[in-house]
Amino acid sequence: MAELNETGRGPLKPLRSLFSGIGLPTVIIAVFWAFTLVAGHFVGISMATLLSDTLKRAGMNGILVLAMVPAIQSGTGPNFALPMGIVCGLLGLVCAIELNTFGMVWLLTSIALATPLAAAVGYGYGKLMNAVKGSEMTIATYSGFSIVALMCLAWLMVPFRNPKMGWFIGQGLRETIQLDAVGGAQILNNFLKFSAGDVIVPTGLLLTFGFFAFLVWLFFRSKLGIAISAGGINPRFALAAGLDIDKNRILANVLSTVLGAIGIIVYSQSYGYAQLYTAPLMMAFPAVAAALIGGATASRARVSHVVIGVVLFQGLLTTALPVTNEIFVGTDLSEIMRMIIQNGIILYALTQVKRGVQ
Amino acid sequence: MNGLNDRSRAAGEWILENLVTIIFVAFTLFGFMVSSGVSVGYFFSELSSRVFRNSFLVLSLIIPVLAGLGLNFGIVIGAMSGQAAIAIARYYEMGGLSGLLFCFAAAAILALFCGYLTGRLYNKTRGQEMIASLIVGFFANGIYQFIFLFAVGVIVSVPAIHPMIKPDGVGIRMTVDLVPVNQGGLKYALDNILQAPFVHSLLVVALGLLVLLLARYWLNKRRGRGHLNSLPSLLINGGLCLAAAAVAAHAIVTNSPLMMVRKTPVVTGLLIIGLCVFTVLIMKTKLGQDFRSVGQSQHAAEVSGINVDRTRIIATMISTVLAAWGQIIYLQNMGTLNTYNAHTQIGMFSVAAILVGGASTSRASITHAIFGTILFNAMFIMSPEIGQSLFGQALLGEYFRTFMVYGVIGVALGIHVWKANKKNRLTVD
Amino acid sequence: MNNNLLQFRNISKSYYGNTVLSDISFTVQKGEIHALIGENGAGKSTLMNILFGMPVITGTGGYEGDVLIDGAKQGFKSPHEAMDAGIGMVHQEFMLIPGYTITENIKINREITYSNPVSKIFGEPLETLDTVAMDSDARKALDQLDMDIEEFTLVAGLPVGHMQFVEIAREIDKTGIKILVFDEPTAVLAESEAKNLLAAIKRLAAKGIGIIFISHRLDEIIEVADRVTILRDGEHVTTKNISDTNTVEIASLMIGRKVAVDRAHSETRKVSDEICLSIKNLHVGMPGERVRGIDLEIRRGEIVGIGGLAGQGKLGIANGIMGAYPARGEVYFRGKPLKLNDPRGAIRSGLGFVSEDRKGVGLLLNESIELNIAFTAMQVGNRFLKQAGPFRFQDDGAMRAHALEMIRELDIRCESPTQHVGSLSGGNQQKICVAKALTQNPDVLLVSEPTRGIDVGAKKLILDLLFRLNEEQGMTVIMTSSELAELRSICDRIVIICEGKVAGALPPDASDAEFGLMMSGSGMTQDKISTQGGAVHG
């Protein structure tokens, strides 16, 4: 793990930086993925299907993983409170349904409603993170859990009337809401969708992910983005340079929460369903793991880490499911593998952290 | 009891310190006020069986806190060890007391090994032990599932006709019946050894505590350590014990609804008391003092020549073993092994319980654990009732108690860190 | 000599070819209080590290020469071996656990236990604590120090003076303690507490314990010690009986002048009479370098040196003005009040700062030279930016051009402006720090420890650079340094800080004794040299 902290703003020294920038976990997961692909080929699973699924799942998870970048760069650490952003997104999404919107209008309304909400929640969350410096990750995890549990109450009690998402009897919203009903299922995936051979490319979805990835990349080249990064790398340097670190950390967490909100909307449309109640509870962990697999650490992350990580992690999971099912009939080894890889990589990252209150 | 030591502090400080406890007491009382459906008999039956079932697990959290590791969410690994032992016993159809003893022994060996590895991990994630302990629980769950769902059957071949193996011969079933003890199984293997009416137990425990309090007071005084005594706290605690004893005696005499409360398992109770005694005694040994030294200041301990890493690993190992035993006690009472779910929540529930009792990341005692277990489970029983009677939906109450679990942990940890940060803030003077 | 409890014989030590101690020999006798004195970097702590077998010594190839205890040669491999041999240390920062009672602190990891049935099977760690015996031991140790405080009191609430005594009690409770080292024991104490401590030290010595007393307070040394050993730049200057010397002599021996000060000269310099920075009653809460009420006036165009021993607060001044640590007091910059605790405001108003902590505060080590140089000016002064709609992005071209200019002007040796500063040498890193500060176009430059940790050749370059900036651009420079010689080489006057306060100001050509006395906070200098306005030497 050379050059853990490299952020590579300078021009690439092509080969050297290509190799030194890739960490051990990234290589392991990549090799593992390649291995399952080869195994899949031998047991006769269509490569095209695997690649199509990989593209789709990478695209739908991408923005959620992207939400890690601002949080990590600002020094708060991986955003384990991602469910906060997610429930904001879901709230925007169901509000948009309640407003009887349809199709693209529904999608944009969802985002428009979710964004200010997530910004407000992110602001409060950022303040909380400033109060608990040193133990951000633990507190963030439980903040996320608490919000999800609290929202369970809210989903059960909201006085929404739209039959597309209510229970057949009684009050409250359904656990999964079909987005077909509002013309929202795969609406981005299907935009400019095309097939290259047998591989289906969900152009709209990938473009959306690419667009947000570009925005985040651009942001970290702006004056404010540079200031946020500096505060994360070396708070004392940033303080001496007259930066308001606490304010920057709040801003970064606002950004992260908003990305989480938009991320879940994009995720839901691709999935075809919006999952409420306890579904968002554990969603932060795969997102954190994906960023780490891509080469991020608990204190440094780049957009490139997100792209590499989400493709590798989702690729591996998508491939492993049919392949292991084919080899060991009737077992869900891929879920077990997800648990071990996802939590293993987070533990590995934690062993590299050198700070914290006693 | 800790509240009394803080008499001199400002009331606001006291409230902040005990915020979580206060919320819970208020909530439970509120539950009694609004819900009409809960009978005293039902409430105490539920509460006592839950307390007997969970106390051991909650008590297993104390030592890591004292050794400075914070709240060990990693006790789920101990729980998995306990379940593995039970699964082995069930597979070979061991039962009764001997089966139970086998479980304790096998679980201890497994838990020592797992606890050692976990302890090493905590040493590598210093300062982030709590998040690490949470994640390592998830990680271990993956390995557990790999073994129970896949290795059993694919790697180790087992007969598909065995009642705990899935019909296709691979993996252990979702739920495994532990078979009642009188049919040679493990269900109630501990609880059924001896049972006593609830009020009798209450009377004995209350009087026992009273005697203990007085004896400690007197001994301290005689040994010239009178400074450890506090008369007001003796009076309050003694008064509480007396009141409980009086309620019990009154119930016996008048044959009140309390007599209808389910019987209590004596041996389980003795084991819990035994663990309390063990915790007290080990903290009075050299090892216990090392735990405290490391917990108070790793730096000072290191400088004085204490092997900090080793001490922390030992603390983790003890905690893991205790959790494994706690899970066995829990499961023999439940009667079924919920193979893939029974352990997942116990880390968070136990942590929440001890926090409700007034513990924090750096402070925990037997009082916190027992009081917290009682209060936490009271809330657990009352929540659906409150949901039902206030909103007409029991489900609401269930979501609410989940929120309370997470919220309690979040708030308690948050307050602790916030206060520590405030204390460490640089000032001009 | 039978009374030689401890003997250092021809001790030398070097770290990676850099000699920090050469040929030190002296003895400490039974019952003697032996003072050890020297400036920072004189070698006191290295010598003590050798005595205690600290890993920093054993891990870097050990040392030359012999340490003898009771005439027998010793080579401690770890501090624990040293402690077992009867050597104890009373630390400057307390190694006490606040949540423990005095007894528990005294007995930490040396608890008295008795066996019980369980411990007979599982071994010693499970033996029960004998609290009664521990308390009575603690009582004995406290009694020896005439401490009437209860042994079961928690340390948390004790006054600092008592904490120091608990540390001492812990040392004397160790069986067979022979030598006790006190490292600046009175630095944190109030006057009356210090008196008590000195009396206790004398009593310990009377019991036959050999005492090494490290202190910068000359008056204390004269009062309490039997002999004094003076170190300077890793060399043994002399060991004298206290009765044969006085504060003035010790002070001048401590400072000593190895080489004649090489003063920089210039005909074109102008120092105006205008006060450009005025500091009134400044307090700064910088840990280890606290400032406790300083008044100082700086003239435009002046080069002012701030000197003093480590830990006395000289570093706190610049850090306090620049808002790096919490500060209180009044600072006027060019006649206008400067808001404290506001780094951005301080930079905006025209103060440039080169921190003493080059790697921790001064630089982003894994970032490029050009970004490091431009960073503060970009963030505070909005330079090197391109506007694009509502957003402002870094202007790579402008940053590159400026970095190249600075590299040329300050002669920074590097491969390219995109090189990470972490890979540069210390001297070049320091130049980047200066370049960063200069990019802000400051009126006053505050430079702290500019030559710390860089090699001799680079030191000269840095000092020349500062002098040239002052000469050519009329920049006011406030330079804080532990190295008196370098302050004397370019400063117009040198303000000495002692115990968080201004001890006085001296011209660079003042005598060694004057500097030594002032740095030691000896009262003798107060009437000799006035605090304000030392003569301006050009």
Q.
Can you go through B:64, B:159 and tell me which one is surrounded by fewer than 24 Cβ atoms within 10 Å (Cβ to Cβ) and either in contact (Cβ under 8 Å) with a residue 40 or more places away in the chain or more than 14 Å from chain A (Cβ to nearest Cβ) (or both)?
A. B:159
Q.
Just to be sure I understand the filter: pairs with C-beta atoms under 8 Å, separated by 6 or more residues or on different chains, first member in the range C:268-294 and within 14 Å of chain B (Cβ to nearest Cβ) and over 29 Å from residue B:425 (Cβ atoms), second member surrounded by fewer than 18 Cβ atoms within 10 Å (Cβ to Cβ) and of a type in the set (Gly, Ala, Ser). Which pairs pass?
A. none
(Q) Residues to consider are B:292, B:222; find the one that is among the charged types (D, E, K, R), within 14 Å of another protein chain (Cβ to nearest Cβ) and surrounded by fewer than 16 Cβ atoms within 10 Å (Cβ to Cβ). (A) B:222
**Q.** helices (runs of 4 or more DSSP H) contained in the range A:188-307 and holding at least 3 residues closer than 15 Å to residue A:79 by Cα
**A.** A:245-271, A:284-293
**Q.** Among residues of the range B:387-429, those that are under 25 Å from the mean Cα position of the chain (by Cα), within 24 Å of residue B:48 (Cα to Cα) and of a type outside the set (Phe, Trp, Tyr), counted
**A.** 8
(Q) I'd like to check something: does the range B:366-383 contain any residue that is under 15 Å from the mean Cα position of the chain (by Cα), farther than 23 Å from residue B:270 by Cα and either assigned to a loop (DSSP other than H, G, I, E, B) or more than 10 Å from chain A (Cβ to nearest Cβ) (or both)? (A) yes
Q: Considering each residue of the range A:130-152, count those that are more than 7 Å from chain B (Cβ to nearest Cβ) and over 30 Å from residue A:173 (Cβ atoms), and give that number.
A: 2
Q: Return yes or no: is residue C:67 modelled with pLDDT of 85 or more and either within 27 Å of residue C:310 (Cα to Cα) or of a type in the set (A, V, I, L, M) (or both)?
A: yes
Q.
Is it the case, given these coordinates, that residue B:152 is more than 19 Å from residue A:343 (Cα to Cα) and either in a helix (DSSP H, G or I) or at the interface with chain A (Cβ under 10 Å from one of its Cβ atoms) (or both)?
A. yes
Q. Any idea which of (1) in contact (Cβ under 8 Å) with a residue 24 or more places away in the chain; (2) assigned to a loop (DSSP other than H, G, I, E, B) is the one residue C:463 doesn't satisfy?
A. (2)
Q. Of all residues in the range B:179-196, which are farther than 10 Å from residue B:99 by Cβ and touching a helix residue (DSSP H, G or I) at 6+ places or on another chain (Cβ under 7 Å)?
A. B:187, B:188, B:190, B:191, B:192, B:193, B:194, B:195, B:196
Q: Determine which member of the set A:265, A:228, A:233 is buried (at least 21 other Cβ atoms within 10 Å of the Cβ) and more than 19 Å from the chain's Cα centre (by Cα).
A: A:228
Q: Please report, ordered by residue number, the helices (runs of 4 or more DSSP H) entirely within the range B:263-348 with at least 2 residues that are charged (D, E, K, R) and more than 25 Å from residue B:44 (Cβ to Cβ).
A: B:286-296, B:308-334
Q. Looking at the range B:128-157, which of its residues are β-branched (Val, Ile, Thr) and closer than 17 Å to residue B:339 by Cα?
A. B:143, B:147, B:152
Q) Out of curiosity, is residue A:119 small (Gly, Ala, Ser), part of a helix (DSSP H, G or I), within 30 Å of residue A:300 (Cα to Cα) and more than 14 Å from chain B (Cβ to nearest Cβ)? A) yes
Q.
Out of the residues in the range A:303-350 meeting the condition of being over 27 Å from residue B:125 (Cα atoms) and among the acidic types (Asp, Glu), tell me which one is modelled with the lowest pLDDT.
A. A:332
Q. Pick from the range C:329-369 the residues that are among the polar types (S, T, N, Q) and farther than 24 Å from residue C:307 by Cα: which of them is surrounded by the most Cβ atoms within 10 Å (Cβ to Cβ)?
A. C:368
Q: Residue by residue through the range C:91-133, note down the ones that are in a helix (DSSP H, G or I), surrounded by 15 or more Cβ atoms within 10 Å (Cβ to Cβ) and at the interface with chain B (Cβ under 10 Å from one of its Cβ atoms).
A: C:104, C:105, C:118, C:119, C:125, C:126, C:131
Q: Inspect all residues belonging to the range B:113-127 and state whether any of them is surrounded by fewer than 19 Cβ atoms within 10 Å (Cβ to Cβ), of a type in the set (Gly, Ala, Ser) and over 19 Å from residue B:338 (Cβ atoms).
A: yes
Q: Being more than 25 Å from the chain's Cα centre (by Cα) and within 14 Å of another protein chain (Cβ to nearest Cβ) is the filter here, so list the residues in the range A:163-203 that pass it.
A: A:167, A:169, A:170, A:171, A:172
**Q.** Whichever residue in the range C:467-482 is of a type outside the set (Lys, Arg) and in a helix (DSSP H, G or I) and, among such residues, is surrounded by the fewest Cβ atoms within 10 Å (Cβ to Cβ)
**A.** C:472
Q) Among (1) assigned to a strand (DSSP E or B); (2) surrounded by fewer than 20 Cβ atoms within 10 Å (Cβ to Cβ); (3) hydrophobic (A, V, I, L, M, F, W, C), where does residue C:271 come up short? A) (1)
Q | Looking only at the range C:416-466, and only at residues there that are hydroxyl-bearing (Ser, Thr, Tyr) and either buried (at least 21 other Cβ atoms within 10 Å of the Cβ) or not assigned by TED's automatic domain parsing to the domain that holds residue C:334 (or both), the one that is farthest from residue C:377 (Cα to Cα) | A | C:451
Q: Could you check, for the range C:348-355, whether at least one of its residues is at pLDDT 90 or above, in a helix (DSSP H, G or I) and within 9 Å of another protein chain (Cβ to nearest Cβ)?
A: yes
Q | Lone qualifier among B:402, B:427 - being within 14 Å of another protein chain (Cβ to nearest Cβ), β-branched (Val, Ile, Thr) and in a loop (DSSP other than H, G, I, E, B) | A | B:427
Q.
Filter the range C:316-347 down to the residues that are touching a helix residue (DSSP H, G or I) at 6+ places or on another chain (Cβ under 9 Å), in contact (Cβ under 8 Å) with a residue 24 or more places away in the chain, away from chain A (no Cβ under 11 Å) and basic (Lys, Arg) and list them by number.
A. C:328
Q: For residues that are of a type outside the set (D, E, K, R), assigned to a helix (DSSP H, G or I) and more than 11 Å from every other protein chain (Cβ to nearest Cβ), tally how many sit in the range C:134-156.
A: 4
(Q) So residue A:329 passes all but one of these: (1) surrounded by fewer than 22 Cβ atoms within 10 Å (Cβ to Cβ); (2) away from chain B (no Cβ under 11 Å). Which condition number does it fail? (A) (2)
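The values are calculated or read from the model by the stated rules, or taken from the named source; none is laboratory data. Source: prediction; values computed, not measured. Glycine gets a Cβ as well: all are built from the backbone with ideal geometry, and neighbour counts include every protein chain shown.
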